[in-house]
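The values are calculated or read from the model by the stated rules, or taken from the named source; none is laboratory data. Everything numeric in this text was worked out from a predicted model, so none of it was measured. Here the Cβ positions follow ideal geometry from the backbone for every residue, glycine too, while neighbour counts run over all protein chains shown. Ligands, DNA and RNA are stripped out before the accessible areas are found, and what is left, the full protein with its side chains, is counted by its heavy atoms. Shrake-Rupley method; radii C 1.70, N 1.55, O 1.52, S 1.80 Å.
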Amino acid sequence: MLSPGLYNYWIVVVLMMAGFYTLISRGNLVKKLIGLNIFQVSVFMLYISMGKVQGGVAPILIGEMPAHGHAATHAAHDIDSSHDLHHDVHAKESPPRHPNESEGVLSDVLPQIDASPSLSPAAVQLAELQKTGDATIVYSNPLPHVLILTAIVVGVATTALGLALVVRINEQYGTIEEDEIHVMDPEQP
Amino acid sequence: MRGRCLIGLVDILLITLLAATALVIIAVRDLFAAVMLAGIFSLISAGLFTVMDAVDVAFTEAAVGAGISTVLMLGTLMLTTSRERRGTARIQILPLIVVTLTGAALIYGTLDMPIYGDPQAPVHHHVAPEYIADSPHEVGVPNIVTAVLASYRGYDTLGETTVVFIAGTGVLLLLKRPRREAGAEPTKNTSGDQNQTASG
């Protein structure tokens, strides 16, 4: 069994230190910003690594949504119509459906679908799996994903602001090297 | 079991590649190459996010990190210079010591962490199970990340929008100012020669 163990976290530390080193040792302002980006990505990687569950899937619900979700009933309807040909074969052996679920489908369904619309066998199986408990389908932790989505967008906003500052500094001083700027600015207190 | 093993291998390969890319970015002196490598770095990390089940994060990183950031940096290089000065790219001792010490402390810290993918880790026990169990009934969107982002943590997204707005305003103000006083001094130093503005 080949599992990363703590390897992810060690590489995260290496990335973080690579970004940190670029930030404090390089005089070039664009290089500093690239280092800052590497640092940010290492933090993203740390969070996402913590959110992963062994054997889990992406946190998007598999199978049927509850009956009040309209998109779900439409999806069920789509599955039905695509499996139209096999309808009669499976109609008899498929288990009875939830009363409210069939209600939702029936209210939306077009008249040409015959009287006993059934889910495709795969969908029924998935619904069964869902009913039996959380142990069958494991979702990875969605919370770190949400936090990191926000962080990525904020990160690119700060990068843009930093790059605008670099352009402005270059217009004023004619260089983007830190020490040359210091030489030109001897009056600093 | 076999598929899971393979996923672990892909994870290890990608994250090693990521570290190698980061080290090359430090070493390379051509800024254009560094920016391109930063784009590659973002793309590899997007692949890694996919392996770790964070598909939403992956496509945001691919679009924003590999796309928009690279374009912004290339624009900056066009307006400034694409060459890092020679003397600055040597290895410096003091930063290296600081970085090594900090890294060693952090790695010592990781030894107490739950291993990668552990379902018993404390992260998975408090808020996330409630989101997974309740969001289908309370929000009704199949993608749990979307449900949390837009509904449970909607204020975070509002704050994020505010930050993006402020950053955009800042960029506009920074880049607009010299054009107003453009008659007085030479601006737009595209070739990066130092004599022009040093005298002026």
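Quick one: would you say residue B:63 is open to solvent by less than 30 Å² (accessible area, probe 1.4 Å) and out of contact with any Pro (no Cβ under 8 Å at 6 or more places or on another chain)? So residue B:63 does not fit the description; no. Somewhere in segment A:57-68, is a residue assigned to a helix (DSSP H, G or I) and modelled with pLDDT of 50 or more? No - not one qualifying residue is present in segment A:57-68.
Pairing residues of segment A:7-18 that are more than 15 Å from residue B:111 (Cβ to Cβ) and at the interface with another protein chain (Cβ under 7 Å from one of its Cβ atoms) with residues that are open to solvent by 20 Å² or more (accessible area, probe 1.4 Å) and among the charged types (D, E, K, R), at Cβ distances under 7 Å and at least 6 apart in sequence or on separate chains, gives no pairs at all. Among the residues of segment A:19-35, those identified as among the polar types (S, T, N, Q) and free of Cβ contacts under 8 Å to residues at least 40 places away in the same chain are A:22, A:25.
In segment B:90-108 there is no residue that is in contact with a strand residue (DSSP E or B) (Cβ under 9 Å, 6 or more places away or on another chain) and closer than 18 Å to residue B:34 by Cβ.
Only a single criterion out of (1) crowded, with 18+ Cβ neighbours inside 10 Å; (2) within 22 Å of residue B:171 (Cα to Cα) is not satisfied by residue B:68, namely (1). Check whether at least one residue in segment B:4-13 is over 22 Å from the mean Cα position of the chain (by Cα) and in contact (Cβ under 8 Å) with a residue 40 or more places away in the chain, and report yes or no. Checking segment B:4-13: at least one residue is over 22 Å from the mean Cα position of the chain (by Cα) and in contact (Cβ under 8 Å) with a residue 40 or more places away in the chain.
Across segment A:145-172, the qualifying residues are those that are open to solvent by less than 20 Å² (accessible area, probe 1.4 Å) and more than 26 Å from the chain's Cα centre (by Cα), and the one among them that is farthest from the other protein chains (Cβ to nearest Cβ) is A:162.
Taking helices (runs of 4 or more DSSP H) as the structural unit, those lying wholly within segment B:1-104 and holding at least 2 residues that are over 27 Å from residue A:154 (Cβ atoms) and facing chain A (nearest Cβ under 10 Å) correspond to B:2-27.
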